[in-house]
Amino acid sequence: DVKVTQSSRYLVKRTGEKVFLECVQDMDHENMFWYRQDPGLGLRLIYFSYDVKMKEKGDIPEGYSVSREKKERFSLILESASTSQTSMYLCASRYQGSGSTEAFFGQGTRLTVV
Amino acid sequence: AQSVTQPDIHITVSEGASLELRCNYSYGATPYLFWYVQSPGQGLQLLLKYFSGDTLVQGIKGFEAEFKRSQSSFNLRKPSVHWSDAAEYFCAVGLDFGNEKLTFGTGTRLTIIP
């Protein structure tokens, strides 16, 4: 089975802290994604990566950055956390070839910024 | 740009009753269509997907969905719901270009009453 693992289920951070959310997938997928999920807004794409060291902005990249140094790992970075970034964060990975293009999701990280 | 609309924010059905969750998309071509389910505090799990061919697709947990090109819809159905189906359901669209992002609807929360 495909496994996407997010390093933390719950995080509590203080305003202004630098926060790292880690995601690892074990299926050699080229594409990886970070989404933010808020009630009534569904999932919104923050950043995605289609190869090592490659990244593209999604719909809401402001206040976030990402790092992909290895194919299996995709990190989301909050440079200076704010209370508006309190949310559920979901990582996903997806095969780049044609055919089976569904995304596989991690369990999510619920981040609270106080 | 592609978009997905789930017009029902919250639906309540009785256990054993039938269910239909609506999904409409906006896109210039036929996209790839997905339904995901999210149990409380969990990540997203794929229920079913449509790429091409038969417009009625079967998924896991007894769910099915029908693609209707003329209505730009991909509604999810289940003939008889179980209490364990209580969750949030997301419709998503994507392209088969591999690195293209998935666009999600805002979700429909399903409550089951005895």
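For (1) hydroxyl-bearing (S, T, Y); (2) open to solvent by 80 Å² or more (accessible area, probe 1.4 Å); (3) within 28 Å of B:E88 (Cα to Cα), each residue gets a yes or a no:
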site	(1), (2), (3)
A:T5	yes, no, yes
A:F20	no, yes, yes
A:F33	no, no, yes
A:D38	no, no, yes
A:L45	no, no, yes
A:G58	no, no, yes
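Among (1) within 21 Å of A:Q107 (Cα to Cα); (2) in contact with a helix residue (DSSP H, G or I) (Cβ under 6 Å, 6 or more places away or on another chain); (3) among the basic types (K, R), which single condition is B:K101 missing? Condition not satisfied by B:K101: (2). Could you list all residues from segment B:23-32 that are touching a Leu at 6+ places or on another chain (Cβ under 9 Å) and either within 11 Å of chain A (Cβ to nearest Cβ) or open to solvent by 50 Å² or more (accessible area, probe 1.4 Å) (or both)? Those that are touching a Leu at 6+ places or on another chain (Cβ under 9 Å) and either within 11 Å of chain A (Cβ to nearest Cβ) or open to solvent by 50 Å² or more (accessible area, probe 1.4 Å) (or both): B:Y27, B:A29, B:P31, B:Y32. Please determine, by comparing only the residues of segment B:61-96 that are of a type in the set (A, V, I, L, M, F, W, C) and under 22 Å from B:I113 (Cα atoms), which one is most open to solvent (accessible area, probe 1.4 Å). Looking at residues that are of a type in the set (A, V, I, L, M, F, W, C) and under 22 Å from B:I113 (Cα atoms), I get B:W83.
The set of residues in segment B:33-46 being open to solvent by less than 60 Å² (accessible area, probe 1.4 Å) and either closer than 17 Å to B:W83 by Cβ or facing chain A (nearest Cβ under 10 Å) (or both) consists of B:F34, B:Y36, B:V37, B:Q38, B:S39, B:G41, B:G43, B:L44, B:L46. Taking segment A:59-114 as the region of interest, the strands (runs of 3 or more DSSP E) fully inside it that hold 2 or more residues being within 12 Å of chain B (Cβ to nearest Cβ) and within 20 Å of A:R14 (Cβ to Cβ) are A:87-94, A:109-113. Please work out if B:L19 is modelled with pLDDT of 95 or more and either in contact with a helix residue (DSSP H, G or I) (Cβ under 6 Å, 6 or more places away or on another chain) or within 13 Å of another protein chain (Cβ to nearest Cβ) (or both). Spelling it out, it is not the case that B:L19 is modelled with pLDDT of 95 or more and either in contact with a helix residue (DSSP H, G or I) (Cβ under 6 Å, 6 or more places away or on another chain) or within 13 Å of another protein chain (Cβ to nearest Cβ) (or both). Scoring B:A17 on the criteria (1) touching a Ser or Thr at 6+ places or on another chain (Cβ under 8 Å); (2) open to solvent by 30 Å² or more (accessible area, probe 1.4 Å); (3) assigned to a strand (DSSP E or B); (4) more than 27 Å from A:Y89 (Cα to Cα) leaves a single failure, condition (3).
Yes/no matrix, rows are residues, columns are (1) within 11 Å of chain B (Cβ to nearest Cβ); (2) assigned to a loop (DSSP other than H, G, I, E, B); (3) not polar (S, T, N, Q):
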position	(1), (2), (3)
A:V24	no, no, yes
A:M27	no, yes, yes
A:Y35	yes, no, yes
A:L43	yes, no, yes
A:Y47	yes, no, yes
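Filtering segment A:18-48 to residues that are among the hydroxyl-bearing types (S, T, Y) and over 10 Å from the mean Cα position of the chain (by Cα) leaves nothing. B:T103 meets the conditions (1) open to solvent by less than 20 Å² (accessible area, probe 1.4 Å); (2) within 19 Å of A:L43 (Cβ to Cβ); (3) within 14 Å of the chain's Cα centre (by Cα) in every case but one. The failed one is (1). When you scan segment A:82-98, how many residues do you find that are at pLDDT 95 or above, open to solvent by less than 50 Å² (accessible area, probe 1.4 Å) and more than 15 Å from the chain's Cα centre (by Cα)? Total satisfying the criteria: 1.
The values are calculated or read from the model by the stated rules, or taken from the named source; none is laboratory data. These numbers were taken from a predicted model, which means no experiment stands behind them. No Cβ is skipped: glycine too gets one built from the backbone with ideal geometry, and neighbour counts run over all protein chains shown. Just so you know, the surface numbers come from the protein's heavy atoms only, side chains and all, with ligands and any DNA or RNA stripped out. Shrake-Rupley method; radii C 1.70, N 1.55, O 1.52, S 1.80 Å.
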